[in-house]
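Read through the structure below, which is laid out as structure tokens, and then see the notes.
Since every read-out is calculated from the coordinates, none of them should be taken as a lab result. Computed from a predicted model, the values in this text were never measured in an experiment. Note that we place each Cβ from the backbone using ideal geometry, even for glycine, and neighbour counts take in every protein chain shown.
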Amino acid sequence: MEIIQAILIVALAFWMVLDQQGFVITTWFPSIIGMIAGLIMGDVPTAMVIAGTFQLMALGVANIGGSSVPNYGLATLVGIYVALRTTSDIEHAKAIALAVGVPVGMLGIQLDVLGKILNSYVSHAAQKALNEGKFAKMNRIFWIGPLIFGLTTAIPTLLCVIFGDKIVRLLLDVVPKWFTDGLSIAGSMLPVVGIALLLQYMPVKKYLTMLLIGFVISAYLGLPILGIAILGFAFAYYFFTQKMSGTPAAAGAGTGNTSVEGDEFDE
């Protein structure tokens, strides 16, 4: 069973980068990868706790314009596999996943750059075949590109599958408990960075009231995230319908000025 799980984890690592580059069926978002990895490993709740931590860290981070960013999907996948192979305690598993997954995710930056460099040669080779009128050869060359991208995530995952849990067990025997506890605390604090980055791209000043209402409902009333999402949709739908009908929805709208302010994200 462990061998089958290892094969499926490596196959998922190979697939997720291909999917992110083209199909976009499962994507390589930590929350999606975490759910699939949890099903493979047979512990979805613990896997989703780990995936949620990495997902919050990834908020507001995007590889725009061909830039390379930490591969949080790869970090999630490797972290979940090694953590669930090492312990069944959720807090301990989260600390292990962060200790193993974050470095691997950062390594993903270098591997992504390497993959793009190698694929530039593939593109030139395909262009040369096209200029020579060798279309069948060109199509064969193009298959090398997805293979390179898939290997950039499959190879580090394979190495972690083979050696990961052994390395972690060795480290846990040497590293003191206060250090692993510190990693667990850091894992709870790091998502704040992701939230802060996400808020940088949102019209917070314009809709600060809604942000505060959502915070109070979540922090003090304990409403689940699904309920908050439904409330957010209701508010958004109300403002949308009011704006489309030309009826001012904000306080002070009785001045009769219904002119459009411009871009919703202008501050």
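Some notes on this structure:
- Reachable lysines, given that their alpha-carbon falls under 24 Å from the alpha-carbon of LYS177 and they are not under 8 places away in the same chain: LYS94, LYS166
- Estimated distance in nm for a label pair at VAL44 and ILE225, the labels positioned 7 Å out from Cα along Cα-to-Cβ: 1.5
- Our Cα-only numbers for segment 202-245 put the radius of gyration and Dmax at 11.4, 35 Å.
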